[in-house]
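Here's the structure we're looking at; comments come further down.
Derivation of every value follows stated rules applied to the coordinates shown; laboratory data play no part. This is a predicted model, so every value here is computed, not measured. Positions of Cβ are generated from backbone atoms using ideal geometry, with glycine treated the same way; all protein chains shown enter the neighbour counts.
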Amino acid sequence: MSWENNIRRVVPYVAGEQPQKQNVIKLNTNECPYPPAPEVEGVLRGFDCDTLRKYPDPDVQELREALAKRHGLDCGQVFVGVGSDDVLAMSFLTFFNSEKPVLFPDITYSFYDVWADLYKIPYECPPLDENFRIRKEDYMKENGGIVLANPNAPTGVCEAPSFFEEILRANSDSVVIVDEAYIDFGGESCVPLIERYENLLVVQTFSKSRSMAGMRIGYAMGSKKLIRFLNDVKFSFNSYTMNAVTIKAGVASVENEDYFKRITAKITATREYTKKRLAALDFVFPDSKTNFIFAAHQRVPAQELFDALRANEIYVRHWNKPRIADYLRISIGTDEEMETVLDFLEKYLKGKQKG
Ligand code: PMP
């Protein structure tokens, strides 16, 4: 016998690499290439450090109110956490407590199975179809909860709210979580469905469209009842998840809607340009409504391209997993960064043709 027999053993999520070198082109973790709204910097520079003596507001009222106003909701319909990873982990713990399996696709955000394993939640992963689309029928059977990323990651495929409404209608006995980490790049949000479906939780983040991955802010929106259950678990775990600086910076970001619109439009335009160039280089990809493109080359293996890009200080993401090993997930950077990447790929692929 050993103390090791009592350990909760888990296989952790593996996040994309964070190279410490300067001057690399980092397109591997779907960060935003532009700075946050200027008011965020204003908050950080002007922050009154004396306020740090005190604990932050455990209810995160100010930020929840700002978010509620932006989404046309009541403050009691919003929950805030340390990135959407924190919000999702808390939601798994709160809402998925059944003997029946939780359902999420075989190809999706690879943290879902990690949380399910951590909390010993049974789960099943119905396969996406051959075009990486969710098959709704797979979510019409008995289950202990459903979690779907929309747009999905790493595929970039987006479905309309009506698609989720059908799933919601068939699942009044379980909580349905829609993870909208990438919704701000052209997708249509399920937030309006909250009024009609008490069991719908929509999760969003400041990490992509608000350029604040380093600040760690995520949030969930749902019926007051759902949010109350989520709060009960949060307050049984850690009352002060959101620090005082982050709360102020988050509010500053939400209040500058013009900047948010400008940045997301810019990334969307760069994505559309990148799609055209990639298609001309014989890449295939599902249509992306995110700040990344999930692309496979028709002749050259993804691992080879990944290695060649990396040798040239260009970081993208590749998974050596069934069904997706041919694909690279390329985050959308600045126009200049994308030009460099596309020029590199063009030269590399031409060089191969000659060779
Ligand atoms: N959901 C999806 C689908 C994601 O891709 C990510 C980013 N890795 C997250 C949630 C978590 O993002 P964050 O914790 O930075 O809000």
Could you please find all residues in region 1-47 being loosely packed, with under 14 Cβ neighbours inside 10 Å, within 14 Å of the ligand (Cβ to nearest atom) and among the charged types (D, E, K, R)?
Glu17
Here are some residues: Leu118, Leu148. Which one is within 23 Å of Arg323 (Cβ to Cβ) and not basic (Lys, Arg)?
Leu148
Out of all the residues in region 239-246, is one or more more than 16 Å from the ligand (Cβ to nearest atom), polar (S, T, N, Q) and assigned to a loop (DSSP other than H, G, I, E, B)?
yes
Whichever residue in region 64-93 is under 11 Å from Gly218 (Cα atoms) and either without any contact (Cβ under 8 Å) to a residue 12 or more places away in the chain or not in a helix (DSSP H, G or I) (or both) and, among such residues, is farthest from the ligand (Cβ to nearest atom):
Val78
Pull up region 82-139, narrow it to residues that are among the acidic types (Asp, Glu) and touching a Lys or Arg at 6+ places or on another chain (Cβ under 8 Å), then point me to the one that is surrounded by the fewest Cβ atoms within 10 Å (Cβ to Cβ).
Asp129
Any residue at all in region 129-148 that's within 22 Å of Ala296 (Cα to Cα), within 16 Å of the ligand (Cβ to nearest atom), under 18 Å from the mean Cα position of the chain (by Cα) and not charged (D, E, K, R)?
yes
Among the residues of region 219-226, is there at least one that is without any contact (Cβ under 8 Å) to a residue 60 or more places away in the chain and either more than 16 Å from the ligand (Cβ to nearest atom) or among the hydrophobic types (A, V, I, L, M, F, W, C) (or both)?
yes
